[in-house]
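The values are calculated or read from the model by the stated rules, or taken from the named source; none is laboratory data. Keep in mind it's a predicted model, so treat the numbers as computed, not measured. Cβ atoms come from the backbone with ideal geometry, glycine included; neighbour counts cover every protein chain shown.
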Amino acid sequence: MQVLYFAAAAAIGAAIAYMFDPDRGRTRRARIADQAAARARYAAGAVKAKAEYQKGVAKGIIHDVTEPLRGEGTYDDDTLLQKVKSEALGYWPDPQEIEVDITNGMVRVSGTVAKESDRENLIKLIRDVEGVGLIDDRIKVGA
């Protein structure tokens with residue numbers, strides 16, 4: 001048992017001599033302090049990242065729970081016209097050939113497209129704009 005105490009005391013004494021060596025002790029202590037500070041910063045960053053993640057999860061849950069309480073956006077005719085032009089016709093290859101008019105929330109679309117699939121795609125783009133209700137489709141297919 002005394003050998004164990006002696007070994008432990010010798011190890012502690014060697015560590016103290018190593019850390020308080022007159023030539024290199026200051027450097028060794030500074031390096032250990034820097035490493036400890038770096039580990040603390042890393043741990044703080046990891047905790048902050050996990051907290052931000054959980055904040056996002058909570059925000060998503062709140063959004064999912066309150067979504068049924070939010071009604072779909074209602075817009076006046078001018079605002080809805082701008083939304084349709086920017087969101088639907090903004091993706092259309094030749095928007096000059098398509099005319100859009102909105103009266104009391106009803107979207108009237110007229111113009112000419114080359115194929116039936118183009119007409120269907122255009123109507124789908126317009127229908128996907130938030131606030132669009134009824135669509136009066138007056139698009140002609142062909143030249």
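If the condition is being among the β-branched types (Val, Ile, Thr) and exposed (fewer than 10 other Cβ atoms within 10 Å of the Cβ), then segment 58-87 contributes Val65, Thr66. Residues in segment 26-59 that are of a type in the set (A, V, I, L, M) and closer than 30 Å to Ala15 by Cβ: Ala30, Ile32, Ala33, Ala36, Ala37, Ala38, Ala40, Ala43, Ala44, Ala46. Only one of the numbered conditions (1) part of a helix (DSSP H, G or I); (2) among the acidic types (Asp, Glu); (3) touching a Lys or Arg at 6+ places or on another chain (Cβ under 8 Å) is not met by Asp34, and that is (3).
Scanning segment 79-117 for residues that are touching a residue at least 12 places away in the same chain (Cβ under 8 Å), on the phi < 0 side of the Ramachandran plot, outside any strand (DSSP E or B) and over 29 Å from the mean Cα position of the chain (by Cα) yields Glu97, Ala114, Lys115, Glu116.
Residue-wise test of (1) charged (D, E, K, R); (2) in the same structural domain as Asn121 (by TED's automatic domain parsing); (3) touching a Cys at 6+ places or on another chain (Cβ under 8 Å).
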position: Phe6; (1), (2), (3): no, no, no
position: Arg28; (1), (2), (3): yes, no, no
position: Gln35; (1), (2), (3): no, no, no
position: Ala43; (1), (2), (3): no, no, no
position: Lys59; (1), (2), (3): yes, no, no
position: Lys85; (1), (2), (3): yes, yes, no
position: Gly90; (1), (2), (3): no, yes, no
position: Pro95; (1), (2), (3): no, yes, no
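Considering only residues of segment 60-78 that are assigned to a loop (DSSP other than H, G, I, E, B) and not polar (S, T, N, Q), which is farthest from the chain's Cα centre (by Cα)? Checking each candidate, the answer is Asp76.
For Val57, the conditions (1) out of contact with any Lys or Arg (no Cβ under 7 Å at 6 or more places or on another chain); (2) in a strand (DSSP E or B); (3) β-branched (Val, Ile, Thr) are fulfilled apart from (2).
Of all residues being of a type in the set (A, V, I, L, M, F, W, C) and not in a strand (DSSP E or B) in segment 118-143, which is surrounded by the fewest Cβ atoms within 10 Å (Cβ to Cβ)? Just the residue, please. Checked segment 118-143; the qualifying residue surrounded by the fewest Cβ atoms within 10 Å (Cβ to Cβ) is Ala143.
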